[in-house]
Amino acid sequence: VVLNRLGSERHRRLSGDAIEAIGLPVVGAILRDPTLNLPERHLGLVQAGEYDDLMAHLDRLADMAEKSLDLDAIMALATPFTPASGGFTDALVPPGQRIALAEDAAFTFLYPHVAAYWRKAGAEIVPFSPLADEAPDETCDVCWLPGGYPELHAGKLAAAANFRAGMTLFAAAKPIHGECGGFMVLGEALEDASGDTHAMLGLLGHST
């Protein structure tokens, strides 16, 4: 057990004694330290790519680990783990031969293994940036809007006339998939964190 966010040495001693009394080893104790916290927002942490001080923060965490954790004890307790062998038999098949993929700060949640499998299966991914007012390539077979934080960029997306027109044109003849944040953008309107409402694509009838 690693004790985390302890308020004092007394807190550490009382907690550690109670846990060890039931036969569980305590291999580390981390005192409460605001400098170790990662910045947060609604629905989770700020993504690594948005965190300018990431490497310095990782250095602080490494220093903390050396100081506060019994790394030798952790290694002694650890046992090798061999993951079950697997393949791509249950992977998400490519939705088309050429996939127009929204890719920028508003749309970041496509899992790398999904894109890797699509490419391995022979599909071509054609990225475009809604925040740069780019439309999906009209020669693609399908358009994919992954998750992300479009509510942080709702005003810019609402003003992206070329993106909006291109999506409407694309939707008239070909399928569009939106998941999580991408699904939000497909709707009529999106309310941002300040409570302001912005018009979205209007391809579906919901508002979020």
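Nothing in this text is a laboratory measurement; each read-out follows from the coordinates by a stated rule. All values derive from a computational prediction rather than experimental measurement. FYI the Cβ positions are ideal-geometry reconstructions off the backbone, even for glycines, and counts take in every protein chain you see.
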Residue with peak Gaussian network fluctuation, the chain [Cα springs, cutoff 10 Å], from Ala135, Ala84, Ala173: Ala84
field: Charge sum, other residues only, whose C-beta stays under 13 Å from Pro25's C-beta, Lys/Arg counted +1 and Asp/Glu -1
entry: -4
message: Within 14 Å, Cβ to Cβ, of Val142, how many net charges do the neighbouring residues add up to if Lys/Arg are +1 and Asp/Glu are -1?
response: -3
- prompt: For region 177-200 and region 41-114, what is the separation of their Cα centres, given in Å?
  reply: 26 Å
field: Added length on full extension, which subtracts the Cα-Cα distance from 0.36 nm per residue, Ala62 to His11
entry: 16.0 nm
query: Given R₀ = 41 Å, FRET efficiency for Arg119-Thr35 by Cβ-Cβ distance, to 0.05?
result: 0.55
Potential lengthening between Gln97 and Val126 on full extension [0.36 nm per residue; Cα-Cα distance subtracted]: 9.4 nm
- prompt: Which peptide among 5-13, 198-206 comes first, and what is the full order, when sorted by highest mean count of other Cβ atoms within 10 Å?
  reply: 198-206, 5-13
statement: In nm, the gap between the two label points placed 7 Å beyond Cα toward Cβ at Val1 and Lys174 is 5.7 nm
message: Give me, ordered by chain and number, the residues 5 or more places off Val142 or on other chains with an amide H under 5 Å from its own placed amide H.
response: Arg98, Ala100
Within the chain, percent of DSSP bridges classed antiparallel, to nearest 5: 30 percent
message: I need the peptides 55-67, 21-33, 95-107 ranked by packing, meaning the mean over residues of other C-beta atoms within 10 angstrom, with the highest value on top.
response: 95-107, 21-33, 55-67
field: Max mean-square fluctuation residue, GNM over the chain, Cα-Cα springs under 10 Å, options Phe81, Phe128, Phe109
entry: Phe81
- request: Subtracting the Cα-Cα distance from 0.36 nm times the residue separation, let me have the gained length for Thr139 to Glu20 in nm, one decimal.
  value: 36.5 nm
field: From phi via Karplus (6.51, -1.76, 1.60), per-residue ³J(HN,Hα) for region 146-162 in Hz, x at Gly/Pro
entry: x, x, x, 10, x, 5, 7, 10, 4, x, 5, 5, 5, 8, 7, 5, 5
- line: Partner aspartates and glutamates whose C-alpha sits under 19 Å from that of Lys120, ignoring same-chain residues fewer than 8 away, are Asp90, Asp141
Among Leu145, Leu186, Leu54, residue whose mean-square fluctuation peaks in a GNM of the chain (springs only between Cα atoms under 10 Å): Leu54
query: Sequence-distant or interchain residues sharing an amide H contact under 5 Å with Gly28, placed H: which?
result: Leu3, Asp70
